[in-house]
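Here the structure comes first, spelled out in structure tokens, and everything after it is commentary.
The values are calculated or read from the model by the stated rules, or taken from the named source; none is laboratory data. This structure is a prediction, so every number in the text was calculated from the model and none was measured. Cβ atoms come from the backbone with ideal geometry, glycine included; neighbour counts cover every protein chain shown. Ligands, DNA and RNA are stripped out before the accessible areas are found, and what is left, the full protein with its side chains, is counted by its heavy atoms. Shrake-Rupley method; radii C 1.70, N 1.55, O 1.52, S 1.80 Å.
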Amino acid sequence: PIVQKAKALLEKTKEKGFVSGIKRQVGASVSGLKIRTSTRQKMVLGKPAGGMLTSKRILGIGLILAVVFIGWYAWSQRQQRLEQEQIAAAFDSVSTLIEDATSAWEVQKNRQETEASLASATETLDGLDGDVLDEEQKSRVEDLRDGIQSVYDLINRVSAVSETDGTLEILADLYLKLGESADITDFEKYGEPLYIVDRASHAVYRFIPSDGVLEKIANSGDIMKSPRNIAIGDGYMYIYDSEVGVLTLDMNENEPDWTFRVRPELSARTVGSVTELSAFADNVYLLKADEARVLKSYPAGEGYSYPEEYFRHGAFDKAVDILIDGNIYVLSDGSEKLYRFFAGQQDTFSLSGFDVPLGNLCCGSTNLNDSGKLYVYDVENKRIVSIEKPTGERHPGVGVFMRQYVYRGEREDIFTEVKDIVVDIDERIVYVLDGTRILKVLLENE
């Protein structure tokens, strides 16, 4: 067994490449182990005289094993030193490449050179053997990968948000307040509160982000049957109920007097199926994807006018939302993602600056001024995108990509069921209706 183990060890070490370096030492040791015995020495009292011979053999094999072990140990130490030197050199190289990439972008805005440096850095890290890295080195690899990602984020204008750094906060999960049957379909912001539509309890609720208080407003639970959408104009709230039609509430009245009113001229039979509604001043606009058009209703006497066609477009069969700041923006899931209209006429409008084109959209938000931005939620790429609106001589007719916000936290259920987004008046926060949760996302100051 000892001989077999020695042979096995020798065969194994041949694969490691160091046997050739100690071959002469082993050969010299073995050559000194030749044992000469006479016939007489082989028989003592009629029995084989093998005791001395066996001891010498064991001694020789032991010497061979010792030499092999010493050689293997010395070789393995050299290999480990070499591996550590190579790992350290790789870390230094990647750090330099990240610095070069950052400089190439910040100083020269050279995208090609920046991405080439990042690709080289990534390739270097991918080439490291994870089996030989200790825990500290593995942590260093992750830090360097984060560094590479941060430069990619820089050139692609990505803001990563998460609970860890406070850029994203879950303000409330409404099913805990309304029950598991809660069916939150839409929300809107007016002043500090958020106003939330729950189809399951056929009511509208006011939610205060600062203290988490949720309360039903007015007579919504008594008059509504299947509320779906909400819009707030100049002091008026509009609710589209698929069974009742459009209801209005005058928010300029004292709250104890708040009352939702059914508008006969905007009944469910009159307006039909409505994809989304929006409001500007005292006017209400109804997006009807089933008819590929937008209807408008305005105050008339004690009520509202019957809805009239304001404009139509063949691609509006894929329209999903309508945003108004004086101009009207229609969001679509078709090949063209955004359309702009003014005074019922289509304006020239296109998008630029997108390295990753917009995917399927679900919703958007903007403030009542044309100097701010449009915010849209890209379902396909799970991101909130800000787009600078054209004003005057500033890129006329072109919406320019500004930034994208993506979630990089530990949860897997964030940005998975987004139904609507609302930007606050200062454009510092976007509120997100994600399933039954209300999220608060901090925006970059730009």
Take G364 and decide whether it is of a type outside the set (F, W, Y), modelled with pLDDT under 95 and open to solvent by less than 30 Å² (accessible area, probe 1.4 Å). no
Exactly one of E276, E255 is out of contact with any Gly (no Cβ under 6 Å at 6 or more places or on another chain), more than 19 Å from P307 (Cα to Cα) and not basic (K, R), and that one is E255
Pairing a residue in the range 267-291 that is in contact (Cβ under 8 Å) with a residue 40 or more places away in the chain and within 16 Å of P227 (Cβ to Cβ) with any residue that is open to solvent by 50 Å² or more (accessible area, probe 1.4 Å) and β-branched (V, I, T), where Cβ atoms lie under 8 Å and the two sit 6 or more apart in sequence or on different chains, gives none
Here the residues within the range 291-329 that are more than 18 Å from A268 (Cα to Cα), open to solvent by less than 50 Å² (accessible area, probe 1.4 Å) and in a strand (DSSP E or B) are A300, F311, A319, V320, D321, I322, L323, I324, I328, Y329
Selection from the range 87-102 of residues open to solvent by 80 Å² or more (accessible area, probe 1.4 Å) and either closer than 16 Å to E136 by Cβ or touching a residue at least 12 places away in the same chain (Cβ under 8 Å) (or both) yields D92
Scanning the range 217-231 for residues that are modelled with pLDDT of 95 or more and outside any loop (DSSP other than H, G, I, E, B), the one most open to solvent (accessible area, probe 1.4 Å) turns out to be R228
Considering the range 333-351, residues that are closer than 22 Å to S297 by Cα and open to solvent by less than 30 Å² (accessible area, probe 1.4 Å), and then whichever is nearest to the chain's Cα centre (by Cα), we arrive at Y339
Checked D134, D129 against criteria (loosely packed, with under 10 Cβ neighbours inside 10 Å and closer than 20 Å to E83 by Cα); the one match is D129
